[in-house]
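Right, one structure below, let's go through it.
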Amino acid sequence: MGGSSRFLAAAALMTMILAHPACADPALPPTSAEDNEAPDAQPTSDSLVEDEPAAPTAAESADFCVFVDMNGNVLDYGDATQFLLQGAQSRLSADHVADIRSQIGVLDRSIVSVGTIFAWKHRRFATESAGGEYVGKLSVDEIMQRGALTGCHDHGLILVSVLREYGFPSVMVDAAGIDWALDHAAGAAEGFSGHVFVEVLTDEGWILTDSTSGQYLIDYEPCEPVIPLPKDIEPKGYYVLLKGRDPDDYGVVSIDDLKGFMRAFAEKAPNTDFRAPACDVRQLSR
């Protein structure tokens, strides 16, 4: 979506009051092998970045769900086939696709298959800490060549890319810790606390999975900004900031970009509704 169109859509939706519906479970739209070979979409290069981005919001009905993130990216869940397209960072080379398929094999579109891909990721890659140095900088091919995951962005990028290759409409999600945001607004936070999740449309409906732990929410509503997957450091869970095909697509090409969005969100946190929907938390197999 172009910059001016995105601005108008975002401006219209930002005026609506965000409700917190119960988690929903829509059906997977029919796709074919050709869907997975559609021309790669061009990554967003004209993202709307304001000095003080608005908090994410959504417009919903029984027939459609539209989410607008902090960078003005508009995600229309009425057409899930668009989430099969790779972005500039999530596009795998033909050699890597062949290698992955030879290791994983043939899959259906069940949650069990999502677990199979997650387990492959767990086996295939070493983990190392880089202090956010590579956030928004590595492509999925570069991560494959390195053979190591440096943080949740690498985990999420690998997962979302391979899921799409297997026909799962998938969205990468950057979120901020709710407790961190409230502490930051009160001047009591040190550093930053956020995480990356992946939305996946299976034949059982949308799920949201933690890119590193494999915990996931079933009966998940993709336009709900509160993620009720608490951790020890974030007992209230997380709040969605940005969504897209990959970090480059939603406007994060460095750790500083991400910190800017997190600071802007923290300023609005004291006036944000953090009520969480009721979702069932489960665990993907490794």
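What follows is calculated from the coordinates using simple rules that are stated; it is not laboratory data. Since this is a predicted model, take the numbers as computed values, not measurements. A quick note on method: Cβ atoms are made from the backbone with ideal geometry, for glycine too, and the neighbour counts reach across all protein chains shown.
If packing is taken as the mean number of other Cβ atoms within 10 Å per residue, what is the order of 215-228, 162-175, 81-94, highest first?
So the peptides 215-228, 162-175, 81-94, ranked by packing, come out 162-175, 215-228, 81-94.
Which whole-Hz ³J(HN,Hα) couplings does the stretch 121-127 yield from phi under the Karplus relation 6.51 cos²θ - 1.76 cosθ + 1.60, θ = phi - 60°, glycine and proline marked x?
After applying 6.51 cos²θ - 1.76 cosθ + 1.60, I find 4, 5, 7, 6, 10, 7, 10 Hz.
In percent, how large is the relative contact order of the stretch 138-251, given Cα pairs closer than 8 Å and 6 or more residues apart?
Normalised by residue count, the contact order of the stretch 138-251 is 27 percent.
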